[in-house]
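Below is one structure, written out as structure tokens; the observations come after it.
The values are calculated or read from the model by the stated rules, or taken from the named source; none is laboratory data. Treat the numbers as computed from the prediction; the structure is a model and nothing was measured. Please note: Cβ atoms are built from the backbone with ideal geometry, for glycine as well, and neighbour counts cover all protein chains shown. The area values use the complete protein model at the heavy-atom level, side chains included, leaving out ligands, DNA and RNA. Shrake-Rupley method; radii C 1.70, N 1.55, O 1.52, S 1.80 Å.
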Number of protein chains: 2
Amino acid sequence: MQNVEEYLKKNQDRFLKELIELLKIPSISADSAFSQDVLDTAEAVKNALQKAGCDKVEICETDGYPIVYAEKILDPKLPTVLVYGHYDVQPPDPVDLWNSPPFQPEIKKTDLHPEGAIYARGACDDKGQMYMHVKALEFMVNTHQLPCNVKFMIEGEEEVGSRNLSVFVANNKEKLTNDVILISDTGMIAKDVPSITTGLRGLSYVEVEVTGPNRDLHSGLYGGAVANPNNILAKMIASLHDEDNRITIPGFYDKVQELSEEERAQMAKAPFSLEKYKNALSINDVRGEAGFSTNERNSIRPTLDVNGMWGGYTGEGAKTVIPSKAYAKISMRLVPNQDWQEITEIFKRHFEAIAPEGVKVKVKPHHGGQGYVTPIDNTAYQAASKAYETTFGKVPIPQRSGGSIPIVSLFEKELKSKTILMGFGLDSDAIHSPNEHFGIWNYLKGIETIPYFYKYFTEMSMDLEN
Amino acid sequence: MQNVEEYLKKNQDRFLKELIELLKIPSISADSAFSQDVLDTAEAVKNALQKAGCDKVEICETDGYPIVYAEKILDPKLPTVLVYGHYDVQPPDPVDLWNSPPFQPEIKKTDLHPEGAIYARGACDDKGQMYMHVKALEFMVNTHQLPCNVKFMIEGEEEVGSRNLSVFVANNKEKLTNDVILISDTGMIAKDVPSITTGLRGLSYVEVEVTGPNRDLHSGLYGGAVANPNNILAKMIASLHDEDNRITIPGFYDKVQELSEEERAQMAKAPFSLEKYKNALSINDVRGEAGFSTNERNSIRPTLDVNGMWGGYTGEGAKTVIPSKAYAKISMRLVPNQDWQEITEIFKRHFEAIAPEGVKVKVKPHHGGQGYVTPIDNTAYQAASKAYETTFGKVPIPQRSGGSIPIVSLFEKELKSKTILMGFGLDSDAIHSPNEHFGIWNYLKGIETIPYFYKYFTEMSMDLEN
């Protein structure tokens, strides 16, 4: 790629300004109060793709938020890269823990980011990383170096389980035909330790409701005589893990893919300091499934976490009440071979089964997705690896991530193509947390690296054909 | 008492209107947003006591909400009754479960209350029951039948632990001198089964905070590797009860007063239908400490209930987060001989001790109070019993209540006098719940019965002196 660094220098201020404008729109898909903002963000993405040089850009309606589709087809004989990303963001709460308003982006310098980082909800996940692809395309088009066809599919429901994407994909297989899917919605180990995510965990997200008495009761008059949904919910949740922090749901581990000692030894090579990890989180110890390392616990092992829990009086002061209902939002991270629908079903069966007399239990499945693994010997991975080597001067480490991008396995099933996860974020970006940010260095490094992927992937694919 | 029924007939509409006006003011002491309303309510109570015929009425400032003091002294040689009540109310939430707005009182007829019941927060607890005493005084004064001296002490912080009452009482022992304290802030077994509360449970109310990582984390990237405060809090709460639903805090039961088989047999005589109890609450079974009946569990046995619990994302939709903090409000009901400060201390020590590695735990004591028992052989109890017998045509059943009125034991300690708990509410009044109400029949029956207590108590006390 000629002049990519030069092009970046010349345009980086504009690249930042454009991203900041996009970050100002609170596209919170989980909260219907922001639906107009989500729609406005789709518009903004559409315009950005047009400006970047796509021939055809459209907003595709769904039963939920629309999907922005765009393409630039040079020649049907050339390979086609399908870029996926999302323009919706996580809710910002707890808002009071943000040092600057989540939707008023600010650039701040930190020890890790002397060049500055953009602080805003969605800065990294995924507006910032998605926008790298828009700007990479702009560069390739303006410098006449786009080597292949490209398609964009940017959705607005990723943070709520991509409810309508599967329908869209199933109905538009022709339109979405591609040779590889490219996504930047993950991270890398460190600024000087590039890595490519080769595995993702699946997800099953459920909400449970425990109902005791038909109304809130005075805890003095009824305390000790009736089942208190708060206490019962706590008891039921506690019972989901045993002393070794293994999940107690019957059949939960049946299909878990156990890694070989050799694979685990490979993983253990990734640079990791438990001390730094604990200090970064201000915790005196880690906690997880017995017999596995921290890196294994959050990547190759399934987990169960209570993401939200509430019941009774949570306001100021004191209220002596036994609530009628208590609730929890529970997510299970799954590993390859675990089927999320099957896990959701056995969770439901188990949780209902352990409900004691005196309460009624409801389990409402929210959403989910399968785990995924990319073989590191395929062309696309090799091309990505070479791209990082070119811009970072180092071969990237293949890494399993603990996160989930449910639609990746959907793509493989429906579109029969592999996905490459080129993530430029860092663990410290605080995605899904207050003060989410994205390093300017990372943002620009992504825009610089992506075009090389197009170059090498096209070259390698053509070579294979000849 | 002459013409009490006649006086009631003539004035009952006004008695209702006056109470309804008082109920319109949202005097929620737990929520500082309503502080002006609480103060306005004190004003309203002051005016009501003046109109009712008190000679001296004053609003006594405290470090919190004021205490309304009033008195009518006929002759220092006559006995003196001190009436205690409170003008503050519980928060109304969950507001959406109310069938009519909590502070727009409505009169509705029900099967249990064919004469109608007043629906409003505080209708029974305690504005309605407190106001019975104001109207009873009005009757006695207007018909020149007040047989003794009377003092009123109506506070505005009962629902938040009577924070400043103890100071006021300690500083005003002279002013508050009395021969008996009369309170209507409890219930009776049924409209046709009058009862007098002879025992109250003590209370220790604490708030706990569990802190894990220093910020909310993405449950995919960290799930399974760090302690999740929601899961840990659930585990800690669950561990506070054993399989027999006994509380596991070391030393918790040490001072519990065990009742004799005979006393338990006495208690068992109170009419009670487990089926009706379960149906009224729409539960398929009760749950409590093994080896005790429902009536024992909620009166003579100590308990531990989670009144509120919250952590993580509790909004609409899904958020895959591991929260930095999780919280719970926990109240323990105590029985006579258990010291609430000692229990609070051992709870704190125990809860901090069971915190696992990876989290920090804080326990913040909210408030509390001692349990209390009234001997049924004293003059005041005998007078009260005779009063009920006169107006109900039945001897009332002495009954232990599960509720707490912490200041009752304080009164005994500071003022050296016993308290009589003449409650006219019913279990079904839903105090502390949505749709709190107070039967018009109960309200008027209270106003009719109270004057007889004054009559008999004065007569019996004078007899004793001669």
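Looking at segment B:246-267, can you tell me whether even one residue there is closer than 18 Å to A:Tyr222 by Cα and open to solvent by 20 Å² or more (accessible area, probe 1.4 Å)? Checked against the condition, which is being closer than 18 Å to A:Tyr222 by Cα and open to solvent by 20 Å² or more (accessible area, probe 1.4 Å), segment B:246-267 yields at least one hit.
State yes or no: is A:Gln2 open to solvent by 70 Å² or more (accessible area, probe 1.4 Å), of a type in the set (S, T, N, Q) and either within 27 Å of A:Tyr456 (Cα to Cα) or in contact with a His (Cβ under 9 Å, 6 or more places away or on another chain) (or both)? So A:Gln2 fits the description; yes.
Would you call A:Gly85 surrounded by fewer than 19 Cβ atoms within 10 Å (Cβ to Cβ), in the same structural domain as A:Ser184 (by TED's automatic domain parsing), closer than 26 Å to A:Ala380 by Cα and touching a helix residue (DSSP H, G or I) at 6+ places or on another chain (Cβ under 7 Å)? No. Among the residues making up segment B:428-460, those that are of a type in the set (Gly, Ala, Ser) and either within 18 Å of B:Ile196 (Cβ to Cβ) or outside any helix (DSSP H, G or I) (or both) are B:Ala430, B:Ser433, B:Gly439, B:Gly446. For segment A:326-369, a tally of residues being crowded, with 22+ Cβ neighbours inside 10 Å and charged (D, E, K, R) returns 2. For segment A:428-448, a residue qualifies if it is among the aliphatic types (A, V, I, L, M) and open to solvent by 10 Å² or more (accessible area, probe 1.4 Å), and the qualifying residues are A:Ile431, A:Ile440, A:Leu444. Every condition in (1) open to solvent by 10 Å² or more (accessible area, probe 1.4 Å); (2) at pLDDT 95 or above is met by A:Val206 except one, and the failing one is (1).
The residues of segment A:156-179 that are of a type in the set (Asp, Glu) and either buried (at least 17 other Cβ atoms within 10 Å of the Cβ) or within 14 Å of chain B (Cβ to nearest Cβ) (or both), listed by number, are A:Glu157, A:Glu158, A:Glu159, A:Asp179. The number of residues in segment B:238-258 that are facing chain A (nearest Cβ under 10 Å) and of a type in the set (Asp, Glu) comes to 0. Output the residues belonging to segment B:54-87 that are closer than 18 Å to B:Val38 by Cα and either of a type in the set (Lys, Arg) or in contact with a Pro (Cβ under 8 Å, 6 or more places away or on another chain) (or both). Residues satisfying the conditions are B:Ile59, B:Cys60. Restricting attention to segment A:277-311, the residues being of a type in the set (Gly, Ala, Ser), crowded, with 18+ Cβ neighbours inside 10 Å and closer than 26 Å to A:Leu200 by Cα number 4. Candidates are the residues of segment B:141-155 that are in contact (Cβ under 8 Å) with a residue 24 or more places away in the chain and over 19 Å from B:Tyr69 (Cβ atoms); the one that is surrounded by the fewest Cβ atoms within 10 Å (Cβ to Cβ) is B:Asn142.
Applying the criterion of being within 14 Å of chain B (Cβ to nearest Cβ), assigned to a strand (DSSP E or B) and out of contact with any Leu (no Cβ under 9 Å at 6 or more places or on another chain) to the residues of segment A:391-427, the residue that is most open to solvent (accessible area, probe 1.4 Å) is A:Gln399.
Taken over segment B:108-124, the residue count meeting the criterion of being part of a loop (DSSP other than H, G, I, E, B), closer than 25 Å to B:Val4 by Cβ and in contact (Cβ under 8 Å) with a residue 12 or more places away in the chain is 6. Sub-9 Å Cβ pairs linking a first residue in segment A:23-37 that is outside the structural domain of A:Met130 (by TED's automatic domain parsing) to a second residue that is part of a helix (DSSP H, G or I), at least 6 apart or interchain, number zero. With respect to (1) closer than 29 Å to A:Ser417 by Cα; (2) more than 22 Å from the chain's Cα centre (by Cα); (3) open to solvent by less than 10 Å² (accessible area, probe 1.4 Å), the lone exception for A:Met132 is condition (2).
Checked across segment A:112-120, the condition of being open to solvent by 10 Å² or more (accessible area, probe 1.4 Å), within 14 Å of chain B (Cβ to nearest Cβ) and under 30 Å from A:Pro406 (Cβ atoms) holds for at least one residue. Is it true that A:Leu176 is on the phi < 0 side of the Ramachandran plot, in a loop (DSSP other than H, G, I, E, B) and of a type in the set (A, V, I, L, M, F, W, C)? Spelling it out, A:Leu176 is indeed on the phi < 0 side of the Ramachandran plot, in a loop (DSSP other than H, G, I, E, B) and of a type in the set (A, V, I, L, M, F, W, C).
Confirm whether B:Asp216 is crowded, with 18+ Cβ neighbours inside 10 Å, at the interface with chain A (Cβ under 7 Å from one of its Cβ atoms) and among the acidic types (Asp, Glu).
Against the criterion (crowded, with 18+ Cβ neighbours inside 10 Å, at the interface with chain A (Cβ under 7 Å from one of its Cβ atoms) and among the acidic types (Asp, Glu)), B:Asp216 qualifies.
Identify, please: which residue in segment A:373-412 is under 19 Å from A:Asp463 (Cβ atoms) and of a type in the set (Val, Ile, Thr) and is, among those, modelled with the lowest pLDDT? Taking the candidates together, the pick is A:Ile376.
Within segment B:192-206, does at least one residue satisfy the condition of being in contact with a Lys or Arg (Cβ under 7 Å, 6 or more places away or on another chain), part of a loop (DSSP other than H, G, I, E, B) and either among the aromatic types (Phe, Trp, Tyr) or under 21 Å from B:Val83 (Cβ atoms) (or both)? Looking through segment B:192-206, at least one residue is in contact with a Lys or Arg (Cβ under 7 Å, 6 or more places away or on another chain), part of a loop (DSSP other than H, G, I, E, B) and either among the aromatic types (Phe, Trp, Tyr) or under 21 Å from B:Val83 (Cβ atoms) (or both).
The residues of segment A:38-57 that are in contact with a helix residue (DSSP H, G or I) (Cβ under 9 Å, 6 or more places away or on another chain) and either open to solvent by 50 Å² or more (accessible area, probe 1.4 Å) or not assigned by TED's automatic domain parsing to the domain that holds A:Cys148 (or both) amount to a single one, A:Lys51.
Of everything listed in (1) modelled with pLDDT under 95; (2) more than 14 Å from chain A (Cβ to nearest Cβ), the single unmet condition for B:Met130 is (1).
Of all the numbered requirements in (1) open to solvent by less than 10 Å² (accessible area, probe 1.4 Å); (2) at the interface with another protein chain (Cβ under 8 Å from one of its Cβ atoms); (3) outside any loop (DSSP other than H, G, I, E, B), A:Lys235 misses one, and that requirement is (1).
For A:Leu182, the conditions (1) open to solvent by less than 30 Å² (accessible area, probe 1.4 Å); (2) over 26 Å from B:Gly315 (Cα atoms); (3) among the aliphatic types (A, V, I, L, M); (4) at the interface with chain B (Cβ under 9 Å from one of its Cβ atoms) all hold with the exception of (4).
Counting only strands (runs of 3 or more DSSP E) that sit completely within segment B:1-107, those holding 2 or more residues that are under 30 Å from B:Glu174 (Cα atoms) and among the charged types (D, E, K, R) correspond to B:56-60, B:67-72. Report yes if A:Thr314 is in the same structural domain as A:Pro336 (by TED's automatic domain parsing), open to solvent by 10 Å² or more (accessible area, probe 1.4 Å) and either out of contact with any Ser or Thr (no Cβ under 6 Å at 6 or more places or on another chain) or at pLDDT 95 or above (or both), otherwise no. So A:Thr314 passes the test.
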